[in-house]
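**Student:** A single structure is presented below for examination.
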Amino acid sequence: MVGAVPKLRADTRADRTPSDARGRALRIGLISALVPLSLTLVQCGKAPNPAALAANSQANVQVVAKTNPQQVASGDTFEDRFPAPQFKERFPSASESFLQRQTSDFSPKRAVQQQPEQAPYKVASLTPQVPYQRPARDDLTTLVSMKSSAFPYFGNNPASDAPFLNISKGDRRGHRSYSGRVYWQDETYSDSRVLVHVPEHFDVRKPGVIVLFFHGNGATLERDVRDRQLVPQQVTDSGANAILLAPQMAIDAADSSAGKFWQAGGLKRFMEESASHLARLTGDPNSARAFANMPIVIVGYSGGFLPTAWSLEVGGISDRVRGVVLLDAVYGEMDKFASWIESHRSGFFVSSYTHYTARRDRELMSMLRQKGISVSEDMDGPLRPGSVVFVETGDGITHRDYVNRAWTQYPLKDVLVKMSATPALALTRVAAASSR
């Protein structure tokens, strides 16, 4: 019997062996699933187990060794596996679009934008920079006093080599004109102002031209040049990249005296001084050099022929003059005009006339033809370098209104339009020519 018990137990174990094996397998599976979870939950409140970290580290090394043997060879430290973030990873480079995304997120309904006057500070914009654009502005027309303008003038009259102010009465000094009339210096020859006009579209960075306008007898800058003859408006309406300078000559007097433009280098000094004023008026001090080298077109109306002729003869920068326009203005000095035309074949010359100056214009045409210079007698064709044009206007055109209507309405505008539109004499070509 004693030996039977072991047999029974053996049989029992034999009968239970498959069932017990399956139970143990289930328990082992549950334990295998629950132990890592319990360890994880325990570690939430405890520091990592160094042994576990070492085991994990060893396991990772084995995995990396299989996938990237070079990494194991170079060492396996914490810094190797978890490198510190670089600056470029925290902040985008210049080629990335961080700024643009930030800008697009700005809402136009922000309080700062709705009520900018309440903001005690300026908000820096993150908008990307765009190419420079000239700030919008209106036409600028103003009067500027210049030391180098025509008057006051205390030098000699080159026609007689006598003092210009040849009359005195007490403390007053005056000039007796060719007609015999006396004009006093303090009334007629004391205004040093220059009418300056800069159209709204003018851009100093582009090739341009300076229009120098010498008004006629009996005129003032404001009443006649600006308001009646509309010279600034003609410059603007032409669309040319041009500005206007018009010095005050004798004030409202029947006198064509040239003042400082009689002097050698007078035109050069005037243009040099005007360059600094133009730079200041246009808001760019660095543009003075551009103005100082810009080509010039001289327009002389009526008595303005005298300062025009002397500026060409002794002004000191006749090679900067790319064109001369005379509006019923050839009352004399034909030799000076003929000399400039002959020696400056890259420039153009236009003289439009009524019966008042017809005889002298025809005399000048004859002088030029004798020199072998071709002369045209209409303004219908293109205006080219070397063009010499004489245009006679009909009896219905009056001398007083000639600046507004000659061969066409607004003749100065027409000249600038033709000058800009003709490829061979476009403003870009004119401005690009080097000053000798």
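**Student:** Of the DSSP beta bridges with both residues in region 254-363, give the percent that are antiparallel, rounding to the nearest 5.
**Tutor:** Of the beta bridges lying entirely in region 254-363, close to 0 percent run antiparallel.
**Student:** Moving on. Can you work out the accessible area per residue across region 214-268, with the rest of the protein chains kept in place, probe 1.4 Å, in square angstrom?
**Tutor:** 27 Å²
**Student:** Which of the residue pairs Lys147/Lys371; Lys206/Lys418; Lys169/Lys268; Lys260/Lys336; Lys206/Lys260; Lys260/Lys418 have a Cα-Cα distance greater than 28 Å in the structure shown? The partial results should precede the final answer.
**Tutor:** Numbers: Lys147/Lys371 39 Å; Lys206/Lys418 18 Å; Lys169/Lys268 34 Å; Lys260/Lys336 18 Å; Lys206/Lys260 31 Å; Lys260/Lys418 32 Å.
Too far apart for the 28 Å limit: Lys147/Lys371; Lys169/Lys268; Lys206/Lys260; Lys260/Lys418.
**Student:** Rounded to a whole number, what % of the accessible area of region 233-345 do carbon and sulfur atoms account for, probe 1.4 Å?
**Tutor:** Summing carbon and sulfur atoms, their accessible area is 46 percent of the total for region 233-345.
The values are calculated or read from the model by the stated rules, or taken from the named source; none is laboratory data. Nothing here was measured: the structure is a model prediction, and the numbers come from that model. SASA here: full protein model, heavy atoms, side chains in, ligands and nucleic acids out. Shrake-Rupley method; radii C 1.70, N 1.55, O 1.52, S 1.80 Å.
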